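First up is the structure itself, then whatever we jot down about it.
The values are calculated or read from the model by the stated rules, or taken from the named source; none is laboratory data. Values in this document were obtained by computation on a predicted structure and should not be read as measured data. Cβ atoms come from the backbone with ideal geometry, glycine included; neighbour counts cover every protein chain shown.
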Amino acid sequence: MMCVAYPGRVIEIRGEFAKVDFGAGTIRDNILISLVDAKIGDYVLVHAGYAIQVVDENEARKMIEMWEEMTKELSEEQKKKDFYEVIGRGE
Amino acid sequence: MDQKDRLPQILKYYKNPTVARKLTEMIHDIAKKIEEGISIMHVCGSHEWTITHYGIRSLLPDNVEVRAGPGCPVCITPATDIDEAVKLALDGIVVMTYGDMSRSRGSKMSLQDAKALGADVRVVYGVQDAITMAKKEPNKEFLFFAVGMDTTAPATAFEILNGVPNNLSFLVSYRYTPSIQGSVMESNVLGIDAFISAGHSATITGMKPYYEYFLRSRKPIVFSGFEPIDVLLSIYMLLKQIYENKPKMENEYTRSVTWEGNVKAQQVMEKVFDLEDGYVRGVAIFPKAGFRLKDEFRHLDAREKYGLKRGISEESEYVAGARCGEVVMGLIDPPECPLYMKKCTPEDPKGAPMVSQEGTCWIWAHHKIMNVSPRCRR
């Protein structure tokens, strides 16, 4: 797909290129990183072989805190029920 | 938390069912207060995938609909460009492009059809592969059929600045998302009230280029990520803006989109490309929506080198009866097209939206949707 970008973790940098781990055993070693300021350990969004952005993990985490706040009045049982509904089986 | 799996762990939360339920309730509450029908348009094939795959349309109240806009690069690439690429391929030039693009038909055939006739057509993952291939065989002429949106263009621009081999030229058919979305925002033909903007395109361009269109049209925009919770939250944010009657440009995809965008990528793009009017296949010519190589790179421009035609095809744009253009603009749902899943299937696609994995028809067919989603306004 064309405008799809996947986040992956930079594990090695050689000049303009980086080795990026996308999880689940997928590692590509020729990702162009010249258009971003990436360090080893950063998560980069990769599109068609080059990194378009360094993912801002703090922002991603802030969202979660907001949702935790939003759903805090819901009981643990409800949350569990939602989860099992999604995976399609009982406890 | 294990250092190695930080982000994957965080992103798991973006599919959390409890949050989804809560957000759905909030969307229903606010939609009830708004009362009238609201049409929201997204302009990215990946958003359509998230919305269809997670069944988000089925969660929405009756008076809120989400339509797929022109967000699939393969679907909007003009038939003329494909025809010209096919012609060059049959003339003995090695044509390289992305997989989906090679299967999309021009007015007569696709690049894969040309390959079946003996042409040398190669599928590549990106522009880097194309350069490697051209370097390996210096005695052949190569053409890179460059299609995509502003997400894809910077990589090509970067490679051109770095220098490409003499036997490689580019048929540039990139489109600029802010201009296309902006034109749709300013026209009232489609009756769209609010927009979900493409997160990955805006990662490059930033929110800035949308501002002039926002000022003129005053329609709510939210820049959205691609997980189901991202999309639900974006819909809620849009409805909230509409309810409070305070249209804004908001950012939901804060982990990637900024106001300025990726400035480095923009600078590289500006050095290599100029914006010109761009034709969206079967729809219209959009102002400032196409990319053209600057004069100093004319020797790389296949349009100059081979004297190619451009613009609207003189032959018919689609096979008889196909309504691809209307699907691309979100005017109809795929099942309203008489060819959908009858003559035109993912195995034997007749139109571009059924070829590309970002095309609305392909996504709907892949999820076996045969009925029309309810609409609040026609």
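Every condition in (1) under 16 Å from B:A284 (Cβ atoms); (2) among the aliphatic types (A, V, I, L, M); (3) surrounded by fewer than 17 Cβ atoms within 10 Å (Cβ to Cβ) is met by B:V327 except one, and the failing one is (3). Note on region B:230-286: residues that are away from every other protein chain (no Cβ under 14 Å) and of a type in the set (G, A, S) amount to 3. Out of B:S107, B:S102, B:S39, B:S46, one residue alone is in contact with a Gly (Cβ under 9 Å, 6 or more places away or on another chain), among the small types (G, A, S) and not in a strand (DSSP E or B). It is B:S46. B:I204 meets each of the listed conditions (1) assigned to a helix (DSSP H, G or I); (2) under 18 Å from B:K248 (Cα atoms) apart from (2). Residues of region B:125-141 that are among the charged types (D, E, K, R) and within 11 Å of A:G49 (Cβ to Cβ): B:D129 alone.
Of the residues making up region B:118-128, at least one is more than 21 Å from the chain's Cα centre (by Cα), hydrophobic (A, V, I, L, M, F, W, C) and either crowded, with 21+ Cβ neighbours inside 10 Å or within 28 Å of B:P353 (Cβ to Cβ) (or both). Mind checking whether some residue in region B:57-68 is in contact with a Phe, Trp or Tyr (Cβ under 8 Å, 6 or more places away or on another chain) and either surrounded by fewer than 24 Cβ atoms within 10 Å (Cβ to Cβ) or not acidic (D, E) (or both)? No - not one qualifying residue is present in region B:57-68. Within region B:197-226, the set of residues being within 10 Å of chain A (Cβ to nearest Cβ) and not small (G, A, S) comprises B:H200, B:T203, B:I204, B:F226.
Is one or more of the residues making up region B:292-310 within 29 Å of B:T52 (Cβ to Cβ), in contact with a Ser or Thr (Cβ under 8 Å, 6 or more places away or on another chain) and buried (at least 19 other Cβ atoms within 10 Å of the Cβ)?
Going residue by residue through region B:292-310, those that are within 29 Å of B:T52 (Cβ to Cβ) are none.
Among the residues of region B:292-310, not one is within 29 Å of B:T52 (Cβ to Cβ), in contact with a Ser or Thr (Cβ under 8 Å, 6 or more places away or on another chain) and buried (at least 19 other Cβ atoms within 10 Å of the Cβ), which makes the answer no.
Annotation: of all residues in region A:23-57 being under 20 Å from B:H200 (Cα atoms) and hydroxyl-bearing (S, T, Y), the one that is surrounded by the fewest Cβ atoms within 10 Å (Cβ to Cβ) is A:S34. Being more than 30 Å from B:C75 (Cα to Cα), of a type in the set (D, E), more than 7 Å from every other protein chain (Cβ to nearest Cβ) and out of contact with any strand residue (DSSP E or B) (no Cβ under 8 Å at 6 or more places or on another chain) is a property that A:E76 has.
Sort out which residues of region B:47-65 are more than 12 Å from chain A (Cβ to nearest Cβ) and farther than 14 Å from B:A198 by Cβ, and write them in order of number.
Taking region B:47-65 first, the residues more than 12 Å from chain A (Cβ to nearest Cβ) are B:51-53, B:56-65.
Correct list: B:T52, B:H53, B:I56, B:R57, B:S58, B:L59, B:L60, B:P61, B:D62, B:N63, B:V64, B:E65.
Within region B:274-304, being over 23 Å from the mean Cα position of the chain (by Cα) and within 30 Å of B:L331 (Cβ to Cβ) holds for no residue. Kindly indicate whether B:I192 is assigned to a loop (DSSP other than H, G, I, E, B) and closer than 30 Å to B:L233 by Cα. The answer is yes for B:I192.
Could you say which residue among B:V172, B:V222, B:V231 is crowded, with 23+ Cβ neighbours inside 10 Å, among the β-branched types (V, I, T) and assigned to a helix (DSSP H, G or I)? Going through B:V172, B:V222, B:V231 in turn, just one is crowded, with 23+ Cβ neighbours inside 10 Å, among the β-branched types (V, I, T) and assigned to a helix (DSSP H, G or I): B:V231. Whenever a residue of region B:45-61 is of a type in the set (K, R), its partners that are surrounded by 17 or more Cβ atoms within 10 Å (Cβ to Cβ), lying with C-beta atoms within less than 8 angstrom and at least six residues away or across chains, give the pairs B:R57/B:I51; B:R57/B:E65; B:R57/B:V66. Of all the numbered requirements in (1) loosely packed, with under 14 Cβ neighbours inside 10 Å; (2) in contact with a Phe, Trp or Tyr (Cβ under 9 Å, 6 or more places away or on another chain); (3) at pLDDT 90 or above, B:M370 misses one, and that requirement is (3). The single condition among (1) more than 14 Å from chain A (Cβ to nearest Cβ); (2) touching a residue at least 40 places away in the same chain (Cβ under 8 Å) that B:M185 does not meet is (2).
Scan region B:346-370 residue by residue and report those that are closer than 18 Å to B:I82 by Cβ and touching a residue at least 40 places away in the same chain (Cβ under 8 Å). Passing the criteria: B:P349, B:K350, B:G351, B:A352, B:P353, B:V355, B:S356, B:Q357, B:E358, B:G359.
For (1) touching a helix residue (DSSP H, G or I) at 6+ places or on another chain (Cβ under 7 Å); (2) touching a residue at least 60 places away in the same chain (Cβ under 8 Å); (3) at positive phi, each residue gets a yes or a no:
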{"position": "B:E250", "(1), (2), (3)": "yes, no, no"}
{"position": "B:V272", "(1), (2), (3)": "yes, yes, no"}
{"position": "B:V283", "(1), (2), (3)": "yes, yes, no"}
{"position": "B:L300", "(1), (2), (3)": "yes, yes, no"}
{"position": "B:G311", "(1), (2), (3)": "yes, yes, yes"}
{"position": "B:D333", "(1), (2), (3)": "no, no, no"}
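A single member of B:L23, B:L60 is within 25 Å of the chain's Cα centre (by Cα) and farther than 30 Å from B:G118 by Cα, and it is B:L60. Annotation: A:V20 fulfils all but one of (1) more than 10 Å from chain B (Cβ to nearest Cβ); (2) surrounded by fewer than 20 Cβ atoms within 10 Å (Cβ to Cβ); (3) touching a strand residue (DSSP E or B) at 6+ places or on another chain (Cβ under 7 Å); (4) under 22 Å from B:I10 (Cβ atoms); the unmet one is (2). Residue check: B:P338 meets all listed conditions (1) surrounded by 14 or more Cβ atoms within 10 Å (Cβ to Cβ); (2) more than 18 Å from the chain's Cα centre (by Cα); (3) not β-branched (V, I, T) but one, namely (1).
Put simply, of B:S102, B:S107 the only residue that is modelled with pLDDT under 90, within 27 Å of B:A320 (Cα to Cα) and under 22 Å from the mean Cα position of the chain (by Cα) is B:S107.
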